[in-house]
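Taking it in order: structure first as structure tokens, then the write-up.
The values are calculated or read from the model by the stated rules, or taken from the named source; none is laboratory data. This is a predicted model, so every value here is computed, not measured. Methodologically, a virtual Cβ is constructed for each residue, glycine included, from the backbone with ideal geometry; neighbour enumeration extends over all protein chains shown. These accessible areas exclude ligands, DNA and RNA; they are computed on the full protein's heavy atoms, side chains included. Shrake-Rupley method; radii C 1.70, N 1.55, O 1.52, S 1.80 Å.
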Amino acid sequence: MVLNLVWLGFFVAAFATACVRLAQGDLDVFGRLLAALFEAAKTGFDISLGLAGVMALWLGILKVGERAGMVDALARTAAPLLRRLFPGVPAGHPAQGAMTMNFSANLLGLDNAATPLGLQAMRALETLNPRPGTATDAQILFMVLNTAGVTLIPTSVIAIRQSIALRQGVQNFNAADIFLPTLLATLASCLAGLLAVAVWQRLPLWKPRLLLPLAAVVAAVLATMAGLARLPPETAARVAGLAGAGCIFTLVVAFLAAGAWRRVPVYEAFVDGAKEGFGVAVQIVPYLVGMLAAIAVFRAAGCMDAVMAALAAAVRGLGLDTAFLPALPVGLMKILSGAGARGLMVDVLQTHGVASFAGRLAAIIQGSTETTFYVLAVYCGSVGLKHTRHALACALIADGAGIVAAIAIAYAFFR
């Protein structure tokens, strides 16, 4: 119901704004809305088509791992924590292995691996759903943790900053100086999302049997962060990138080797999983097109510009420093559209400079927030969920905490 109202609200707000602009003499406003609508439909289909290959690859590998028993082994490793966070998922269920690998891929910043693994986890969780079409508590928590997942290093953001720095002729520029602030911001976002869901679902986070595994995970992240902080940022970026790619490829080889050891027909198993991946990618198309279309007309009508103008006036009225305002649209847009947020970040970097406070903050926000509506649309669409219950509210709480944390951390590091 909430997602339905939000989706309808985008169109209503866009239409109302367009009528006002038309009355003010903007005769091209409805043409822009129509163009944005059609472009969003094409983009949604292109994304789903591009995802089909990745889905086929990773779900094929995952099928080999399932038949070889590797997924069960991973699930048993993470069982102490997952059993407490997801009490409705039985011990040893296939969803535990898929969720473990999804969280690991998100931690390592490997989005192409995380998405198909997350979709596989959603499909596994759906087998436990007593009310198909309505999100379960486990699915909601899983989606919220995906929209607020901890990222060890934002590899793509660092690459974009380095490229722009070269074009701008910035000397001795350290494109990786945002990795520590980004990690801290994502950690704050993840904890906020977890707490929001825990309050809503009445998860007993304060009990030692749940608190201790969570504390162990946080301690491991902080220890990794402390270790990387001792290295020069460029070296830390290379180490984290190498660790991420190396871990995932090693996992792929381990799946294949385990399958061969147990005499699993690995190629046939891969093809079976790949067929499932292609079907999931096709099923996503209508959900993704619908959400991207609503976001596109909201942007094209100028609603985002109006929201930003109101925020700027409120900040100035409170007498606060406005240095963060140029980067704020990146965070607001990231909730709606990853591609749109990336474009806004590039615009900030080019306008204010890659070494500016606004440029650094925009990069931190880009690396520490998630495309919430995209994630909900894709994950819900993969299993046909129409009622998301409190998933959107908790995800937006996590997004808000991530943006606030990113601003505060940027001031602490760079202002």
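Worth a mention:
- In the range 137-151, the residues that are of a type in the set (Phe, Trp, Tyr) reach residues that are modelled with pLDDT of 80 or more and assigned to a helix (DSSP H, G or I) with C-beta atoms within less than 9 angstrom, at least six apart or across chains, in these pairs: PHE142/ALA95; PHE142/MET99; PHE142/GLY118; PHE142/ALA121; PHE142/MET122; PHE142/LEU125; PHE142/TYR379.
- Flag for ARG389 being at pLDDT below 80 and surrounded by fewer than 22 Cβ atoms within 10 Å (Cβ to Cβ): no
- Among residues of the range 265-289 that are surrounded by fewer than 21 Cβ atoms within 10 Å (Cβ to Cβ), those with a Cβ under 7 angstrom from a residue that is modelled with pLDDT of 75 or more and aromatic (Phe, Trp, Tyr), sequence gap 6+ or separate chain, pair up as VAL285/PHE45; VAL289/PHE45.
Conditions (1) without any contact (Cβ under 8 Å) to a residue 60 or more places away in the chain; (2) more than 24 Å from ALA121 (Cβ to Cβ), marked per residue:
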position	(1), (2)
VAL330	yes, yes
VAL346	no, yes
SER368	no, no
TYR379	no, no
ALA391	no, no
ALA410	no, yes
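- Matching option when the condition is buried (at least 24 other Cβ atoms within 10 Å of the Cβ), at pLDDT below 75 and not aliphatic (A, V, I, L, M), among GLY109, GLY97, GLY118, GLY92: GLY109
- Note on the range 399-415: among residues that are part of a helix (DSSP H, G or I) and not hydrophobic (A, V, I, L, M, F, W, C), the one that is surrounded by the fewest Cβ atoms within 10 Å (Cβ to Cβ) is TYR411.
- Count of residues meeting criterion [in a helix (DSSP H, G or I), open to solvent by 50 Å² or more (accessible area, probe 1.4 Å), over 15 Å from ALA293 (Cα atoms) and modelled with pLDDT of 85 or more] in the range 17-51: 5
- Residues that are part of a helix (DSSP H, G or I) and open to solvent by less than 10 Å² (accessible area, probe 1.4 Å) were ranked within the range 155-178; the one that is nearest to LEU82 (Cα to Cα) is VAL157.
- Matching option when the condition is open to solvent by less than 10 Å² (accessible area, probe 1.4 Å) and outside any loop (DSSP other than H, G, I, E, B), among LEU396, LEU344, LEU361: LEU361
- Of the criteria (1) in contact with a strand residue (DSSP E or B) (Cβ under 8 Å, 6 or more places away or on another chain); (2) assigned to a helix (DSSP H, G or I), which one LEU385 fails: (2)
- Within the option set LEU361, LEU376, being in contact with a Leu (Cβ under 9 Å, 6 or more places away or on another chain) and at pLDDT 85 or above holds for one residue only, LEU361.
- Against the list (1) open to solvent by 40 Å² or more (accessible area, probe 1.4 Å); (2) modelled with pLDDT under 70, the condition VAL221 fails is (1).
- Every pair of residues 6+ apart whose Cβ atoms lie under 7 Å, when the first sits in the range 253-264 and is over 15 Å from ALA73 (Cα atoms) while the second is of a type in the set (A, V, I, L, M, F, W, C): ALA260/VAL266; VAL264/VAL64; VAL264/ALA68
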